[in-house]
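The values are calculated or read from the model by the stated rules, or taken from the named source; none is laboratory data. All of these numbers come straight from a predicted model, not from anything done at the bench. Cβ placement follows ideal geometry from the backbone for every residue including glycine, while neighbour counts extend to all protein chains displayed. Remember, those area values only see protein heavy atoms, side chains included, never the ligands or the DNA or RNA. Shrake-Rupley method; radii C 1.70, N 1.55, O 1.52, S 1.80 Å.
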Amino acid sequence: MECHITTEAAQLPRRLRAAHRTWPHLAGAVALAAACVGWVAPATAQSKFPDHTINYIIPFAPGGESDIAARLQEPFFKKYAGVTVAIQYRTGAGGATAWAQLNNMENTGYTIMGTNLPHIVLQPMQKGSGYDTDDLQNVYWFQYTPDALIVPAASPYKTLKELVDYAKKNPAKLTVGGTGTASGNQVAQVRFDKIAGIKTTYVPFKGTGAVNTALLGHHVDASWGYTTVRLGLGDQVRCLAVAMPARHPAIPDCPTFKELGYDMIGGVYRGVAVPKTTPKDIQERLSTILGQINKDPEFIKQMEKAGFSMVDVDLAGMTAFMAKMKKELVPAAQSLGLKP
């Protein structure tokens with residue numbers, strides 16, 4: 001059956017019912033037209049997506065980079081999608097608790113969830129993560145935060161050299177906080193320990209906010225955080241080094257690991273995923289919205305001021321990007337004793 005629907009299709013059901021009462025012999029035509037109207041309805045509904053609030057789930061506690069970035073995105077959803085987002089938190093196991101539940105959530109596009117690399121590649125290599133990397137349908141990667149080694153402002157370690165010297169003389173006594181296990185923070189800790197020839201003790205927390213609280217309370221000696229931590233906490237902390245090719249323009253007093261003699265560049269990517277069974281056209285629409293937000297000059301300005309670096313990986317480029325990242329993360333997995 002081939003149907004040709006005009007722009008007045010939405011008014012047909014009322015008109016056809018009236019015609020059917022007046023001319024009963026037109027019942028067949030009424031049925032055919034009604035079938036045609038029903039045939040286009042799903043496309044019409046999807047073309048209106050979104051038309052109400054989107055639930056945006058952050059798999060970490062409030063106050064961390066994922067939360068900060070989502071808060072910065074929030075007003076731009078209204079600008080580019082015409083709807084608001086309701087930011088919620090589902091914490092546990094360095095994000096694994098929420099990621100393991102994602103595919104049991106509604107697949108209409110009105111539930112989206114923050115995702116992190118290398119977490120979603122490394123965690124499934126551990127026993128009991130509850131999910132596989134390929135279970136997550138990422139629709140966009142939008143930012144990157146370089147690793148940074150942070151200490152409280154009152155710390156006795158004024159330089160990276162002083163911290164390393166202490167750690168060499170006192171193996172495993174220096175405690176460093178980070179978000180979760182098999183996470184970007186733990187990868188940074190293991191990598192730097194190996195490069196510097198030291199042994200520190202890694203203490204995992206539920207999110208950057210909890211790590212920062214422990215750091216400021218002197219419950220850990222240092223933390224593996226990001227450029228965003230230094231900018232967010234300001235003069236309460238000191239950045240000993242950042243894992244970038246060159247110093248971050250917003251924190252020029254923080255040297256790079258490389259200039260201090262340590263070949264270390266790295267960080268964490270953050271993006272957005274949906275349940276895997278979400279219709280493809282809805283995934284594409286979300287990817288488009290996130291791309292529009294990510295290219296907005298005001299949004300870029302706010303993100304960079306907060307210490308984020310922008311990246312743009314949309315749905316079309318997702319398969320190639322994930323394959324590349326999985327390959328690149330093999331050494332990180334091996335450093336944690338995981339089998340890729």
Problem - Unique residue being open to solvent by 50 Å² or more (accessible area, probe 1.4 Å) and without any contact (Cβ under 8 Å) to a residue 12 or more places away in the chain when the list is K326, K305, K301, K258 - result: K301
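This table checks each residue for (1) part of a loop (DSSP other than H, G, I, E, B); (2) out of contact with any Phe, Trp or Tyr (no Cβ under 6 Å at 6 or more places or on another chain); (3) open to solvent by 10 Å² or more (accessible area, probe 1.4 Å).
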| site | (1), (2), (3) |
| --- | --- |
| S66 | no, no, yes |
| F76 | no, no, yes |
| I87 | no, no, yes |
| T108 | yes, yes, yes |
| Q123 | no, yes, no |
Fill in the blank from the handout: Going through region 65-86 in order, the residues found to be over 11 Å from the mean Cα position of the chain (by Cα) and of a type in the set (G, A, S) are A81, G82, A86
Exercise for the section: Consider Y89 carefully, then state whether it is within 14 Å of the chain's Cα centre (by Cα) and either farther than 22 Å from V313 by Cα or without any contact (Cβ under 8 Å) to a residue 24 or more places away in the chain (or both). Expected result: yes
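Residue-wise test of (1) within 23 Å of L136 (Cα to Cα); (2) in contact with a Leu (Cβ under 7 Å, 6 or more places away or on another chain); (3) modelled with pLDDT of 95 or more.
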position: G28; (1), (2), (3): no, no, no
position: H52; (1), (2), (3): no, no, yes
position: G63; (1), (2), (3): no, no, no
position: P75; (1), (2), (3): no, no, yes
position: V85; (1), (2), (3): yes, no, yes
position: T115; (1), (2), (3): yes, yes, yes
Exercise for the section: Kindly provide the set of residues from region 147-192 that are without any contact (Cβ under 8 Å) to a residue 40 or more places away in the chain and among the charged types (D, E, K, R), ordered by number. Expected result: E162, D165, K168, K169, K173
Problem - Verdict on G207 being closer than 17 Å to G63 by Cα, at pLDDT below 95, of a type in the set (G, A, S) and under 16 Å from the mean Cα position of the chain (by Cα) - result: yes
Practice task
Could you please give the count of residues in region 129-158 that are touching a strand residue (DSSP E or B) at 6+ places or on another chain (Cβ under 9 Å), surrounded by 14 or more Cβ atoms within 10 Å (Cβ to Cβ) and in a loop (DSSP other than H, G, I, E, B)?
Solution key: 3
Problem - region 201-228 residues that are touching a residue at least 24 places away in the same chain (Cβ under 8 Å) and of a type in the set (A, V, I, L, M), paired with ones that are open to solvent by 20 Å² or more (accessible area, probe 1.4 Å) and in a helix (DSSP H, G or I) (beta carbon under 9 Å, 6 or more apart) - result: L215/L233; L215/Q236; L216/L233; L216/Q236
Practice task
Take L215 and decide whether it is open to solvent by less than 60 Å² (accessible area, probe 1.4 Å), of a type outside the set (S, T, N, Q) and either in the same structural domain as E65 (by TED's automatic domain parsing) or out of contact with any Ser or Thr (no Cβ under 9 Å at 6 or more places or on another chain) (or both).
Solution key: no
